[in-house]
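Report on one structure; see the data block that follows.
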Amino acid sequence: MISNSFVRARRASACVTATSLLLCAACGRGAATPRAFPPADVGIVTVAPQTLPQSYDLVGQVEPSRRTDVRARVEGVILERPFTEGAAVTAGQVLFRLDRVKTEAAYASVLARYNNAKSTVGRLDPLLARHAVAQQDVDNARTELDAAKAALDQARKDLDDSVVRAEVAGRVGRARFEVGGRVTGPADLLTTIDDLDPAYVVFRPSTTQVLDWKADPRSAPLLEPGGKLEVRVVLPNGALLPRTGRLTFVAPSLDSATGTQEFRATFENHDRILLPGQFVNVRLSGFSRANALAVPQRAIQTGLGRMFVYVVSAGDTVVARDVKTGPWSGTLWIVDDGLKPGDRVIVDGVQKVAPGRVVKPSPIATDSAGTRK
């Protein structure tokens, strides 16, 4: 007969054995290799040398094509200023009227002198024919008449100059003297007149940039006035001026203060959008860069103060490559250093990759501007 203690011992042994088997099974499941993710699909471009159009953006300033100083040729008190500051004026339009008291008195005095000299010559000429007067007296009288005639012409001009007129058409500036002010003569600037159509836009590339352009046989001809350089203006509000300017002047020497060379483009300005003193962005087009390596702008990544791209290397493994970028060409970004021909650069799916990860690359087609087709 089997005792109760024996039965209890067998049951305890069976429980221990079952528990051990369950623990072993659990441990076996925990040690299984995790399931690997499939390679991510990415879009790539293969870097190859190409000739790309290139533009440059510079800061420019608007200047009038001609600025005329308005000055009085005679002294006097301003009696009238019949013009509106900032308005358009025509050639010959009255700008200032000065008091004529002094000029009228001078004219009357010189006129009397002229009439007296004229009478003297008229009286002596008949006497000379009868040898009743010396030739020297007649010569002196004629000399006095000529001098009086010159003085009369000057006095008449001074009288006319008491009315100050616009010598050219354009936009008149601020009046420097108001009614009641005394003008001492040509030393006093009354106002200015700006000719705004056409208008000039002046810009100054760096010396290094100019030297690089001149060293390139494709770029050097563009720097000649009247060449094929396309000059556009971006206004302060970001709008593009709807017309193109032409390069009309290149300074033959450098500015000693800034060490830069002055370039000047001429723009039609019938709508007066360009105003003197205005700062604009000058965009130069027509340049090109040969054997350039470029990728779409979205392929360039930034982080921790560096710029890099993801490149698919051997075995379709991703590596990060630091790059040194140059200017843009459309939506392409020229890479000056860090890439070589044949590199496969990831453009699409960048957010799904990391260095060391295997990917499934697929070429994408882009046009010369870097736009995906």
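The values are calculated or read from the model by the stated rules, or taken from the named source; none is laboratory data. On a predicted model such as this, the values are computed, not experimentally measured, just so you know. Cβ coordinates were reconstructed from backbone atoms using ideal geometry, including for glycine residues, and neighbour counts include every protein chain displayed. Surface accessibility is based on the protein's heavy atoms, side chains included, excluding ligands, DNA and RNA. Shrake-Rupley method; radii C 1.70, N 1.55, O 1.52, S 1.80 Å.
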Subject >> Criterion: assigned to a loop (DSSP other than H, G, I, E, B), out of contact with any helix residue (DSSP H, G or I) (no Cβ under 8 Å at 6 or more places or on another chain) and surrounded by fewer than 15 Cβ atoms within 10 Å (Cβ to Cβ) - qualifying residue of Ala132, Ala105 >> reply: Ala132
**OP:** Out of Ser285, Ser256, report the one residue that is assigned to a strand (DSSP E or B), over 14 Å from Val202 (Cβ atoms) and either in contact (Cβ under 8 Å) with a residue 24 or more places away in the chain or not acidic (Asp, Glu) (or both).
**Re:** Ser285
Subject >> Subset of the range 36-72 (residues that are assigned to a loop (DSSP other than H, G, I, E, B), closer than 30 Å to Thr331 by Cβ and aliphatic (A, V, I, L, M)) >> reply: Val47, Ala48
Original post:
In the range 299-314, what residues are out of contact with any strand residue (DSSP E or B) (no Cβ under 7 Å at 6 or more places or on another chain) and either outside any strand (DSSP E or B) or among the aromatic types (Phe, Trp, Tyr) (or both)?
Top reply: Leu304, Gly305, Ala314
Original post:
Name the residues in the range 202-226 that are within 30 Å of Asp271 (Cα to Cα) and surrounded by fewer than 13 Cβ atoms within 10 Å (Cβ to Cβ), would you?
Top reply: Glu224, Gly226
Original post:
If only one of Pro242, Pro276 is open to solvent by 10 Å² or more (accessible area, probe 1.4 Å) and touching a residue at least 60 places away in the same chain (Cβ under 8 Å), which one is it?
Top reply: Pro276
Subject >> Residues within the range 287-299 that are surrounded by fewer than 17 Cβ atoms within 10 Å (Cβ to Cβ) and within 19 Å of Thr331 (Cβ to Cβ), tallied >> reply: 3
Original post:
Condition test on Leu339, is it touching a Ser or Thr at 6+ places or on another chain (Cβ under 9 Å), of a type outside the set (Asp, Glu), open to solvent by less than 50 Å² (accessible area, probe 1.4 Å) and under 30 Å from Thr46 (Cβ atoms)?
Top reply: no
